[in-house]
1. Which residue is farthest from Asn90 (Cα to Cα), if the candidates are limited to segment 211-238 and must be among the aliphatic types (A, V, I, L, M) and part of a helix (DSSP H, G or I)?
2. On the basis of being of a type in the set (Lys, Arg), under 28 Å from Gly239 (Cα atoms) and out of contact with any helix residue (DSSP H, G or I) (no Cβ under 6 Å at 6 or more places or on another chain), does Arg126 make the cut?
3. Yes or no: segment 400-414 includes at least one residue that is in a loop (DSSP other than H, G, I, E, B), touching a residue at least 40 places away in the same chain (Cβ under 8 Å) and of a type in the set (D, E, K, R).
4. Please go through segment 276-322 and give me each residue that is over 23 Å from Lys454 (Cβ atoms) and either aliphatic (A, V, I, L, M) or part of a loop (DSSP other than H, G, I, E, B) (or both), ordered by number.
5. With the condition kept exactly as written, say whether any residue in segment 266-285 is modelled with pLDDT under 90, surrounded by fewer than 14 Cβ atoms within 10 Å (Cβ to Cβ) and over 20 Å from the mean Cα position of the chain (by Cα).
6. Is at least one residue of segment 158-180 modelled with pLDDT of 95 or more, under 30 Å from Val366 (Cα atoms) and in a loop (DSSP other than H, G, I, E, B)?
7. Given (1) at pLDDT 90 or above; (2) charged (D, E, K, R); (3) closer than 28 Å to Ser441 by Cα, where does Glu310 come up short, assuming only one miss?
8. What residue, among those in segment 415-445 that are surrounded by 14 or more Cβ atoms within 10 Å (Cβ to Cβ) and without any contact (Cβ under 8 Å) to a residue 40 or more places away in the chain, is nearest to the chain's Cα centre (by Cα)?
Amino acid sequence: MSPSFFCDVSGLVPARWYNPEAVISGRCESGVVFEGRFRQYEGEFLLCLYVEVPCMTRIDDHSLVELDLTLNWASRNVSHHDGFYVPRLNTWRDLLPDGVMEELMGRSEGEELAFHFPAGTMIPPREKNLIHQIRPEQFGKTAGNESPITPRLGRFYPCGLMTGVPGIYPENILPMRVIDIGEEMITMDLNHPLAEMDTDLKILIRAVRHSKRERGGQVHHWGEEVILGGPGMQAPVPGMMIDYGSTPVTGQAEEGGRPFDTGLRSDSRVDKESSRILGEVYREQVKPGSRILDLMSGARSHLPRGEEKEVVGLGRDEGDMAENPLLTRRVVHDLNEASGLPFPENSFDLVLLSHSMESLRRPEQVIGEVHRVLQPGGSFMVGFTDCWFSTEAMPLWMELHPFERLGWVLSLLSAAGFGDCFTRTYRNRSRPYEDPHYSVSAKSDPVLIAGGIKKG
């Protein structure tokens, strides 16, 4: 139990109530424990209530701390917020970026801290020796893959796809970016994509408890974990047109002789925690009286109930949409058959596309239509996780790293005329124990969101 102290609240009572042996005790609905005793002081009769109040546990060298970390940065007028959940920071052995652990000391639950890191401080600075030129035959061969992977300009690939480079082994999955493709040589950049950018780190202290004893264990460098695994890969390169290939009109399923759209929905496997996070981000864009369009709609919209005026669902399965209690109107329409939206211009304040971007045959046309039906100042948000069905997804989607998919969506938003674009990511949350996939992974599906505003 947390340390506690007692504060007394005294009040005068009639003499007939006085009973020095009586004890009044109980627990309030809020959980606060109280105890009352009668006292006599200078001829007055008092009822003194002693209330147990938990002391605020403060962080010290032997604390276990639950944190929310958010890495904020910007690229070409796009704001990025990459969230990372720390379930247990052990202040005795774990590591954080320089100066952060010291600032945490003495802090308590609910406090927020902010740190600014100039380029080359939190993230290692750009180094020329991490840029390699290789011959085409040195790239893209993997075990069991006789034909090499063709590199595309601006795209990321695992370092292990390079051969003949000292210190690089096939097991290396850290990302490298193709920054030039010549007739005889390919140039690969192994620097972190945020190596030349300023970053801000925000920390929310969720809970603090004391560790009674230390027995050693795994050391976590939480500063490294928040910057690895994707942040920065969604950013464009100044002066470079990233090669995402031709318009992804056809999917793997069509090329393999199967129907592209099988009716499976990736959101049918999304856990409750991911759905909750997605709904919270969506809710930030909802204002009283908002008119919302839920594209590729199904049995749930990942949107908390609020003060919106209407939520229109557009999907191909009327039965699925009938199960969705948030929808005020349902429109049966298959965007893979007809990419036009059956609504007039300026019809909505917010358009959402959840867990379906990978299955669109004509994403450029659909996003252009979204721009048309939005009010000036309205928002479009595309949310997804790394949970999807290969029979549904276009080939490009399967080739891209999850954070690269954000970059691809951003490129489509920009081409359609959206401004004030942004990305949000949330990683390392805990999957609910009752989730049917908990035995496979105790971590919740990462949530990735790209969005933009229609210019007024």
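The values are calculated or read from the model by the stated rules, or taken from the named source; none is laboratory data. For clarity, every value in this text was computed on a predicted model and none was experimentally measured. In this analysis, Cβ positions are derived from the backbone assuming ideal geometry, glycine residues included, and neighbour counts consider all displayed protein chains.
1. Our first condition is that a residue be among the aliphatic types (A, V, I, L, M); within segment 211-238, this holds for 219, 226-228, 233, 235, 237.
Subsequent filtering for residues that are part of a helix (DSSP H, G or I) retains 226-227.
Numbers: Val226: 16, Ile227: 19 Å.
That would be Ile227.
2. Values: of a type in the set (Lys, Arg): yes; under 28 Å from Gly239 (Cα atoms): yes; out of contact with any helix residue (DSSP H, G or I) (no Cβ under 6 Å at 6 or more places or on another chain): yes.
It is true that Arg126 is of a type in the set (Lys, Arg), under 28 Å from Gly239 (Cα atoms) and out of contact with any helix residue (DSSP H, G or I) (no Cβ under 6 Å at 6 or more places or on another chain).
3. So far as segment 400-414 goes, no, none of its residues is in a loop (DSSP other than H, G, I, E, B), touching a residue at least 40 places away in the same chain (Cβ under 8 Å) and of a type in the set (D, E, K, R).
4. Ile277, Gly298, Ala299, Arg300, Pro304, Arg305, Arg316, Asp317, Met321, Ala322
5. The answer is no; no qualifying residue exists.
6. No, because not a single residue in segment 158-180 is modelled with pLDDT of 95 or more, under 30 Å from Val366 (Cα atoms) and in a loop (DSSP other than H, G, I, E, B).
7. (3)
8. Lys443
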